[in-house]
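Just below is one structure, and these are the notes that go with it.
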Amino acid sequence: MRKESIHRLVVRAPNWIGDAVMCEPALRGLRSLFPQAEVTLLAKAAVAELFIGHPGVDRIVVYNDRDVHAGLAGKWTLAGTLRRHQFDLAVLFQNAFEAAFLTWLAGIARRYGYATDGRVFFLTDPVAVPDRATLIHQVGYYWNLLKPLGLAGEPSAPALVISAGEERTMESKLASAGIGPADVVIGVNPGSTYGSAKRWLPERFAEAARRLIDRVRKDEGKEAAVMILGAKGEEPLGKSIAALVETRSVVLSGTTTIRELMAATKRCRLLLTNDTGPMHIAAAFGVPVVAVFGPTDWRTTSPYGQEQSIVREPVDCAPCFLRECPIDHRCMTRVSSDRVYEAAVQQLGSSSGLSRSSGLFGLSGASDSNQINQTDQTNETNQTNQTNVLSGFTIFLDRDGTLNPDPGYIRSPDGFELFPGVAQALSRLKQAGARLIVVTNQSGVARGFFSAGDLDGIHAKLRYLLGEAGVSLDAIYVCPHHPDDGCDCRKPDRGLIDRAVEEQRVDLTQSYLIGDHARDIELAKRVGSRSILVTTGAVLPEQVEGLKASGPVPDRVASSLAEAVDWLLTDARSRISHVSDRR
């Protein structure tokens, strides 16, 4: 598949909330494979709400199969809607026959998905279904679908985003129930739309929650309350648990939209839950969970990244995947409130290591920590001999994929975070005397995905995050135009650099450009800058040789900004030494 030929693609999302959350890392991965494509999500209403404002999605088409899209006539209507978008590619995360049939009916040229449910005839690019004997987490199942397209590595944990306004609205709703912003909130999600077999006993939920409230008040000296979540029809269940906890509580069962459910879940310090969609939403916000598993398979649908949170009774009949238990429900009745309470205490004790506000697409893991530690050590070692090495030099920096993860379009400050180690790396350049100028294409303004004011807010956050590390940017130059506008400032055209030369008095013979894309390297060649390609964004490490063979060759390829800075400092010293020797 020639990826550069894919300009518009549609993604068929899974139908269930939990499955959709577990699909989110693959959605991010798809964006990294097609960074220039416009991504449309086709999803049922509840899942569509889940991804409102998601930086990996440009447009959402709601599949209303109970109304306008019901029946054969409705399917034809939906196919017509899809046909008008002129998609080049459909990626089907949903496994149903219908998903493939609809995209075939819409005339989409490339239709990519697992060869399930007898739909191979309607797929142009069928992917073999994994061996069912080999258990794999559902997050990995969706991720692996994209590996034939070139997606490498392992998936990170799912991540969701809500706006600051949505969080404030939820705080107001809780305040009307007497729960203040400083209060600790223990969430309880006792229901399950799948069926009663997945439900732990309500009185045991209440007992565990009550004991946790007492524990928080005793150990932390803070006020605490219970928040009970649930779907429509579960209001009586929520009210019964509220009566049993005998403490301050609010029942939100049946009263929240999906967006409000997301905000409520994020507000929790910890969530006690069955195996349900809100369990995955909580994990995606970094909220510690304790999940009671019975008839479903904990090995494939546990909250990703929080596998230690599972409480289950290893009975012979589980997992059975039945909606109703035909015998004595032993998988649930044998799980005591003591076991859930103890698991919750452990989760609360370790929750300081979980980030609840790290931002969408933030990176984590041992390798990142090692990178940061290594950068700090290099700082200490080289701080004395790098002072003023770059005096008179200007470093041009691409933004998305170089300084921060690139989901395609970052629409608000909430979705912006730096790669680990970036602030430390830029600090070294500043200490060496360099000027730092960001040059970035942001066609999302012209496309209407976000406003110029939104972009100003994102760049204010960029400056703030760098400022915390003592780093200041000398300038940020932006091309806000559409690629079809024919402007002279969209990289690889040199307009942004020419503005910097005029306004900042840049000497291009003493400049470097660091970016993650072939266009950054092409721009560097056009203006005479030394170039460094970082493989943290659009160009993956395994694609470097192909880039060298078919496009502009960078002066250096680096796996991170920290590595790029190491080479840049060495190269600058060599250039300075060479000039001194000639004199």
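The values are calculated or read from the model by the stated rules, or taken from the named source; none is laboratory data. Keep in mind that what you see is a predicted model, and the values were worked out from it rather than measured. Positions of Cβ are backbone-derived with ideal geometry, glycine not excepted, and every protein chain shown enters the neighbour counts.
Filter segment 8-30 for residues that are crowded, with 20+ Cβ neighbours inside 10 Å and either assigned to a loop (DSSP other than H, G, I, E, B) or of a type in the set (D, E, K, R) (or both); which is modelled with the lowest pLDDT?
Among them, the one singled out is R28.
Give the residues of segment 268-293 that are without any contact (Cβ under 8 Å) to a residue 60 or more places away in the chain and outside any strand (DSSP E or B), sorted by residue number.
None; the set is empty.
Select from segment 142-158 the residues that are among the small types (G, A, S) and surrounded by 15 or more Cβ atoms within 10 Å (Cβ to Cβ) and write down the one among them that is nearest to T536 (Cα to Cα).
Taking the candidates together, the pick is S156.
If I ask for residues that are charged (D, E, K, R) and over 18 Å from D400 (Cα atoms), which ones from segment 11-43 would you list?
R12, D19, E24, listed by residue number.
State all residues of segment 432-463 that are closer than 27 Å to D484 by Cβ and part of a loop (DSSP other than H, G, I, E, B); if no residue qualifies, say none.
Within segment 432-463, Q442, S443, G448, F449, F450, S451 meet the criteria.
Exactly one of these conditions fails for G140: (1) closer than 28 Å to R259 by Cα; (2) in a loop (DSSP other than H, G, I, E, B). Give me its number.
With respect to (1) closer than 28 Å to R259 by Cα; (2) in a loop (DSSP other than H, G, I, E, B), G140 is out only on (2).
Those residues that are under 15 Å from Y341 (Cα atoms) and surrounded by 22 or more Cβ atoms within 10 Å (Cβ to Cβ), I need them from segment 191-212; list them, please.
W200, R204, F205, A206, A208, A209, L212
Go through segment 178-233 and give me each residue that's hydroxyl-bearing (S, T, Y) and part of a loop (DSSP other than H, G, I, E, B).
The answer is S192, T193, Y194.
Looking only at residues in segment 96-141 that are buried (at least 20 other Cβ atoms within 10 Å of the Cβ) and among the charged types (D, E, K, R), which one is modelled with the lowest pLDDT?
So the residue we want is R119.
Give the number of residues within segment 321-332 that are loosely packed, with under 15 Cβ neighbours inside 10 Å and either of a type in the set (K, R) or in a helix (DSSP H, G or I) (or both).
Residues in segment 321-332 being loosely packed, with under 15 Cβ neighbours inside 10 Å and either of a type in the set (K, R) or in a helix (DSSP H, G or I) (or both): 1 in total.
What number goes with the only condition from (1) among the polar types (S, T, N, Q); (2) more than 29 Å from the chain's Cα centre (by Cα); (3) closer than 23 Å to V345 by Cα that T301 does not pass?
Failed condition: (2).
Please work out if G470 is assigned to a helix (DSSP H, G or I), within 28 Å of the chain's Cα centre (by Cα) and touching a residue at least 40 places away in the same chain (Cβ under 8 Å).
The answer is no for G470.
So N373 clears everything in (1) of a type in the set (S, T, N, Q); (2) at pLDDT 50 or above; (3) surrounded by fewer than 18 Cβ atoms within 10 Å (Cβ to Cβ) except one condition, right? Which one?
Status for N373: all satisfied but (2).
Find all pairs meeting these conditions: Cβ atoms under 6 angstrom apart; at least six residues apart or on different chains; first residue within segment 431-445 and at positive phi; second residue outside any strand (DSSP E or B) and surrounded by 23 or more Cβ atoms within 10 Å (Cβ to Cβ).
G433/L390
Could you list, in sequence order, the residues of segment 147-167 that are hydrophobic (A, V, I, L, M, F, W, C) and within 18 Å of the chain's Cα centre (by Cα)?
Selection gives L151, A152, A157, A159, L160, V161, I162, A164.
Those residues that are touching a residue at least 60 places away in the same chain (Cβ under 8 Å) and either under 30 Å from D414 (Cα atoms) or touching a His at 6+ places or on another chain (Cβ under 7 Å) (or both), I need them from segment 58-89; list them, please.
D58, H85, F87, D88, L89
Out of the residues in segment 502-537 that are part of a helix (DSSP H, G or I) and small (G, A, S), which is modelled with the lowest pLDDT?
A518
Among the candidates T255, T296, T265, single out the residue that is in a helix (DSSP H, G or I) and under 30 Å from the mean Cα position of the chain (by Cα).
Answer to the selection: T265.
Residue under question is T169, and the condition is that it be closer than 22 Å to F93 by Cβ, touching a residue at least 24 places away in the same chain (Cβ under 8 Å) and of a type in the set (V, I, T); does it hold?
So T169 fails the test.
Assess whether A182 counts as being among the hydrophobic types (A, V, I, L, M, F, W, C) and touching a residue at least 60 places away in the same chain (Cβ under 8 Å).
no
Only one of (1) farther than 13 Å from V10 by Cβ; (2) touching a Lys or Arg at 6+ places or on another chain (Cβ under 8 Å) is not met by W104, so which one is it?
(1)
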